[in-house]
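Contents: one structure, followed by commentary.
The values are calculated or read from the model by the stated rules, or taken from the named source; none is laboratory data. What you are looking at is a predicted structure, and each value in this text was computed from that prediction instead of being measured. Every residue, glycine among them, receives a Cβ derived from its backbone with ideal geometry; neighbour counts consider all protein chains shown. Heads up: the accessible areas ignore ligands, DNA and RNA and are worked out on the full protein's heavy atoms, side chains in. Shrake-Rupley method; radii C 1.70, N 1.55, O 1.52, S 1.80 Å.
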Amino acid sequence: MTNNDIFRRLRYAFDLKDTAIVTIFKLADVDVSLEQVTAWLKKDDDEAFKSMRDKDLAGFLNGFISHKRGKREGPAPTPEPSLTNNQVFQKLRIALNLQAEDILALFESEGLPLSAHELSAFFRKPSHKNYRECKDQVLRTFLMGLQHQHRPASPAS
C-alpha cells in the first residue's frame, strides 16, 4: 500500500474534512497547506497528484494520536523519516486505544482471523525473534475493518 492509499482510507473511514486534516497535522507540530492535503488525496493518475512521503504520513499519524487521545505535555514526537506497515498499524492502535481483543474481532469480522500470538508479533521490535512483518493485505484488511466500524454502510433507500 502506498502512503497516499493509507491516508485516503483513513480520511474516508473517519470522515475527515480537508481543514480537519490540516488541524490534525498541526497537533503534531507539522505545517501543511490545504493544497498539499488536496494533492495527496487525488487519484494517482491525476495531474495534481502528489506522492506522500513517509515523514508526511508519520506526521499525520502522530497528529491523529493527539486528535483522538489528547495532546501530551511537552514537544510533539518527531515524525519518522521512514515508516513501515508495522509502525502505521501500531500508531493507529495507539490513536484508537485498541486492545488486542478489539483488533482480533475486527480482523474476524473482515474474514481474516488471526491468533493473539500472530497479532502480538506485529507489535514487537524488528530485532525480536518472533517479530513479523505486517504485509499490505493485513494492513488493508485492518483499514477496511476500521472503515466498517467507524463508517457503517447507510441503509439502502
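Data overview
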read-out	value
Tail weight of P(r) past 16 Å, computed on alpha-carbon pairs of region 87-138, percent	40
Geometric extent, Cα atoms of the chain - Rg, Dmax (angstrom)	15.9, 52
Net charge dipole size for the chain [Lys, Arg +1 and Asp, Glu -1 on Cβ; Debye, nearest 20]	400
Radius 13 Å from Cβ of LEU114, net charge of other residues (Lys, Arg +1; Asp, Glu -1)	-3
Entries in LYS68/LYS125; LYS91/LYS125; LYS55/LYS91; LYS71/LYS91; LYS91/LYS135 that, when Cα-Cα distance is taken, lie over 18 Å	LYS68/LYS125
Value of [θ]222 nm, deg cm²/dmol, for the chain, DSSP H segments ≥ 4, -39500 (n - 2.57) each, nearest 500	-17000 deg cm²/dmol
Distance between modelled label sites at LYS50 and THR84, nm, 7 Å Cα→Cβ extension	2.9
Angstrom value of the Kirkwood radius, inverse mean 1/r, which spans all Cα pairs in region 18-67	10.9
Region 19-157 - accessible surface per residue (Å², probe 1.4 Å)	61
Reachable lysines, given that their alpha-carbon falls under 17 Å from the alpha-carbon of LYS50 and they are not under 8 places away in the same chain	LYS42
Value of relative contact order over the chain, rounded to a whole percent, pairs C-alpha under 8 Å and six or more apart	24
SER120 accessible area, 1.4 Å probe, all protein chains in place, Å² to nearest 10	40
Carbon/sulfur fraction of accessible area - region 11-84, other protein chains in place, 1.4 Å, %	49
Charge sum, other residues only, whose C-beta stays under 10 Å from ALA95's C-beta, Lys/Arg counted +1 and Asp/Glu -1	+4
Distance between modelled label sites at HIS150 and ASP15, nm, 7 Å Cα→Cβ extension	1.2
Cα-centred dipole magnitude for region 95-156, charges only on beta-carbon of K, R (+1) and D, E (-1), debye, nearest 20	280
